[in-house]
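S.K.: Quick one: the structure is below, questions incoming.
The values are calculated or read from the model by the stated rules, or taken from the named source; none is laboratory data. Keep in mind that this is a model prediction, so the values were computed, not measured. Every residue, glycine as well, gets a Cβ built from its backbone with ideal geometry; the counts of neighbours run over all protein chains shown.
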Amino acid sequence: MNGAPGYADGWPSCIRFWAIDEWRRASEEYRGCGVAGCFSGDLFICADLLMECVHYVIDLEPASAHYGHVDAVGATRLGKVASNFNDFVACVAHDSGDLHRYA
């Protein structure tokens, strides 16, 4: 967790927060995929579940109506998991299983 190179032993969550230098633009990572049309230029992958089975993206476009929102990347769409990064972290700390309601 918190930018660790892998999953932290003893931490009950399978979500890893990426170090900032690892963040990637979702539009580049998912180029050519069905979900790619959902991405703006300023959605960045900031965390993942189970070694990148699910990516979590944050909207960093200040002019966006969804600025700061964190979404899970599904096969064909994004699913909102938190209104801001602090709420996302709190949800992970409380019960990361709760983040799967986007499916």
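S.K.: Which condition number in (1) surrounded by fewer than 20 Cβ atoms within 10 Å (Cβ to Cβ); (2) in contact (Cβ under 8 Å) with a residue 12 or more places away in the chain; (3) aliphatic (A, V, I, L, M) is the one that I58 fails?
M.R.: All conditions pass for I58, except number (1).
S.K.: A further question on this structure: For segment 1-32, give me each residue that is at pLDDT 70 or above and touching a Ser or Thr at 6+ places or on another chain (Cβ under 9 Å).
M.R.: Let us first name the residues in segment 1-32 that are at pLDDT 70 or above, namely 14-32.
Result: C14, I15, A26, S27.
S.K.: Considering segment 59-88 alone, what residues qualify as being part of a strand (DSSP E or B) and among the acidic types (D, E)? Full working, then the answer.
M.R.: Let us first name the residues in segment 59-88 that are part of a strand (DSSP E or B), namely 59, 70-73, 78-82.
Result: D59, D71.
S.K.: If I filter segment 43-58 for residues that are outside any strand (DSSP E or B) and touching a Leu at 6+ places or on another chain (Cβ under 8 Å), do I get at least one hit? Working first, answer last.
M.R.: Our first condition is that a residue be outside any strand (DSSP E or B); within segment 43-58, this holds for 50-53.
Those still in the list that are touching a Leu at 6+ places or on another chain (Cβ under 8 Å) too: none.
No.
S.K.: Further question: Find all pairs meeting these conditions: Cβ atoms under 6 angstrom apart; at least six residues apart or on different chains; first residue within segment 28-39 and without any contact (Cβ under 8 Å) to a residue 40 or more places away in the chain; second residue among the small types (G, A, S).
M.R.: So the pair list comes out as F39/A26; F39/S27.
S.K.: Give the residue that is surrounded by the fewest Cβ atoms within 10 Å (Cβ to Cβ), with candidates limited to residues of segment 63-103 that are of a type in the set (S, T, N, Q) and modelled with pLDDT under 80. First the steps, then the outcome.
M.R.: First, pick out the residues of segment 63-103 that are of a type in the set (S, T, N, Q): 64, 76, 83-84, 86, 96.
Among the residues that remain, those that are also modelled with pLDDT under 80 are: 76, 96.
Details: T76: 10, S96: 18.
The residue in question is T76.
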